[in-house]
Amino acid sequence: MLVGASVVAWFVWRSLSWPLVHDAPLMHYVAWRISQGAAPYRDLFDMNFPGVYVLHLLVVTGLGTGDLAWRLFDLGWLALTAATLGALVWPWGRGAAIGAGLTFALYHLAGGAWQAGQRDFLLCVFLLGGALGVARWLESPPAARARASLACGGLALGAATTLKPHAVLLAAALAGLVVLRAWRDRGGVAAPLGVFVGGALAAPAAMLAWLAAAGALPAWRAIVLDYLIPLYSRLGRHTAWAIYRPGTWIPLGAGVAISAASALAGGRFGARHAVAALGVLYGVAHFVGQGKGWEYHLYPLAAFAIVLLFAEMRSVLARPRRLAAVPLLVCVLLTGVLLASKASVTSAAGWERDKAEQARRLAGELAGLLAPGDTVQVLDTTGGGIHALLRLRVTEPTRFVYDFHFFHDPDHPTIRALRQELVRGLEARPPKVIVLFERGWPAGGYERVDSFVALRERLARYDLVRPGPGYRIYAQRQRS
């Protein structure tokens with residue numbers, strides 16, 4: 001344990017200089033705009049759920065928008081998640097709980113700077129907390145069951161759905177366990193299920209009330225029903241999926257299988273094992289269901305897999321001659337070694353620092369072109385354009401944070417409407433500067449603008465003052 005703690009501490013230290021980069025600056029910008037009075041969705045076109053904005057709003061208003069503030073938040077959230085995971089593993093031994101928490105911490109640090117504070121990572125503490133609450137209720141004697149743990153479990157899972165709606169699958173699965181146990185105990189199903197569901201509805205209801213009060217509910221509904229579900233959900237699915245950290249998933253997956261089989265064979269597979277197993281199945285569905293194949297979508301699967309990996313540690317250490325002992329210990333050791341090896345490479349944050357430097361460079365160039373009150377329209381996804389605006393505290397003349405939704409499904413009524421809205425916004429409130437980033441998503445370069453004739457014509461009215469590489473800056477043409 002001392003070796004593992006030392007390794008994690010070393011990589012934590014190396015991560016302190018990681019920059020704010022990739023998706024996080026986008027959510028920071030949305031949160032900053034909200035803090036200035038903007039309404040989510042109505043004034044800022046984004047597909048994320050409102051719980052994400054609330055967390056970033058807490059960081060932006062409480063800690064600031066700097067690199068170190070984000071590192072402190074990310075590491076604090078990591079400690080909270082590792083502690084929650086350890087609490088779920090605790091009945092199987094203190095050593096197992098500590099080992100599981102350290103392994104998850106190492107998994108996160110091995111992801112690199114771009115995964116700091118990713119939404120699926122933020123989700124894990126709520127998923128684990130929900131699983132912990134249900135597990136404690138299931139393990140209590142029927143006469144002594146405290147509904148508080150069940151309510152807290154539902155509350156945590158409800159909060160998870162405000163970050164990623166996919167979490168409703170785990171909530172439904174755990175609700176099924178609650179119903180099954182209540183039915184077997186013949187104590188009545190309605191009361192415990194009502195407590196659980198009531199807790200799960202609290203956070204979504206609070207978010208809906210917030211959106212309604214902000215006048216954002218119609219815009220959110222339109223984004224979800226007209227864009228997110230029919231269009232964005234299938235965007236990027238044509239790309240080949242990658243198996244991230246394949247070497248790590250081999251011993252981790254094998255260890256989970258060995259641990260579960262050992263618990264079943266020994267008659268030790270109880271309620272907590274069942275909850276963790278449902279978490280693993282949910283993790284698979286969470287990754288496959290989103291269809292993008294992005295590495296950070298694996299976080300829930302990794303969290304619950306680590307729970308099961310350490311579930312049998314106390315048992316095998318007590319009886320090291322058992323058939324499962326040596327293979328399980330080897331799987332645990334190999335998982336840690338491979339994660340540490342990956343972390344030794346990613347901790348340098350090479351490409352992430354380059355991207356952060358590009359945002360700083362763009363902010364410096366824009367500062368020389370802008371006067372107080374000027375606006376800038378950025379045509380970008382995660383290249384650093386919005387990060388530059390965040391640094392300068394500059395707003396856009398339209399609600400569009402990204403540009404990728406203008407360049408897929410161009411004949412769809414929703415996309416045509418979004419294009420028209422962009423052009424109307426640029427006409428009504430001409431920005432002082434337009435920044436076009438070279439790299440589009442999921443594909444395309446500068447030439448993608450050629451398919452959007454009205455935008456190309458709008459750019460033709462501006463002077464190209466920086467031709468690239470990386471991005472082009474167009475400034476308003478000076479009138480003679």
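The values are calculated or read from the model by the stated rules, or taken from the named source; none is laboratory data. Only a predicted model underlies this, so the values are computations on that prediction, with no experimental measurement involved. Using ideal geometry, Cβ is built from the backbone for each residue, glycine included, and neighbour counts are taken over all protein chains shown. What goes into the accessible areas is simple: the full protein's heavy atoms, side chains included, and nothing from ligands, DNA or RNA. Shrake-Rupley method; radii C 1.70, N 1.55, O 1.52, S 1.80 Å.
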> Considering only the other residues whose Cβ falls under 9 Å of the Cβ of Ser15, what net charge follows from Lys and Arg at +1 and Asp and Glu at -1?
Replying inline: +1
> Using a simple charge model, +1 on the beta-carbon of Lys and Arg, -1 on the beta-carbon of Asp and Glu, nothing else, what dipole does the stretch 1-100 show about its Cα centre, in debye to the nearest 20?
Replying inline: 220
> Between the stretch 16-52 and the stretch 412-441, what is the C-alpha centre distance in whole Å?
Replying inline: 19
> Given the C-alpha centroids of the stretch 168-196 and the stretch 81-139, what is the distance between them in whole angstrom?
Replying inline: 23
>> If exposed means no more than 12 neighbouring beta carbons inside 10 Å and the site is in a DSSP loop, what's the longest run of the chain without any exposed trypsin sites (Lys or Arg not before Pro)?
In response: 1-185
>> Residue by residue through the stretch 427-433, what is 3J(HN,Hα) from phi via Karplus (6.51 cos²θ - 1.76 cosθ + 1.60, θ = phi - 60°)? Round to whole Hz and write x for glycine and proline.
In response: 6, 6, 10, x, x, 5, 9
> Quick one: with all protein chains in place, what share of the accessible area of the chain is carbon or sulfur, to the nearest percent (1.4 Å probe)?
Replying inline: 64
> Put +1 on the Cβ of each Lys and Arg and -1 on the Cβ of each Asp and Glu in the stretch 187-303; which of Pro300, Met207, Gly187 then has its Cα farthest toward the positive end of the dipole?
Replying inline: Pro300
>> Let me spell out the model: positive unit charges on the Cβ of Lys and Arg, negative unit charges on the Cβ of Asp and Glu, origin at the Cα centre of the chain. What dipole size does that give, in debye rounded to 20?
In response: 840
> Largest first, what is the accessible-area ranking of Asp403, Asp43, Asp354, Asp226 with a 1.4 Å probe?
Replying inline: Asp354, Asp226, Asp43, Asp403
> Just by accessible area at a 1.4 angstrom probe, what is the order of His297, His22, His166 from largest to smallest?
Replying inline: His166, His22, His297
>> For Trp220, what accessible surface area do you get with a 1.4 Å probe? Give it in Å², rounded to 10.
In response: 50
> From the phi of every residue in the stretch 253-259, what ³J(HN,Hα) in whole Hz does the Karplus formula 6.51 cos²θ - 1.76 cosθ + 1.60 yield, where θ is phi - 60° and glycine or proline is x?
Replying inline: x, 5, x, 4, 5, 5, 4
> Got a sec? Charge dipole of the stretch 380-456, +1 on Cβ for Lys and Arg, -1 for Asp and Glu; which of Pro442, His405, Ala388 is way out at the positive end?
Replying inline: Ala388
> In debye to the nearest 20, how big a dipole does the stretch 362-471 give about its Cα centre with +1 on each Lys and Arg Cβ and -1 on each Asp and Glu Cβ?
Replying inline: 280
> Can you tell me the accessible area per residue over the chain, all protein chains present, probe 1.4 angstrom, in square angstrom?
Replying inline: 41
> Based on the alpha-carbon gyration tensor of the stretch 259-342 and its eigenvalue square roots a ≥ b ≥ c, which shape applies: rounded if a/c is under 1.5, prolate if not and a/b is larger than b/c, or oblate?
Replying inline: oblate
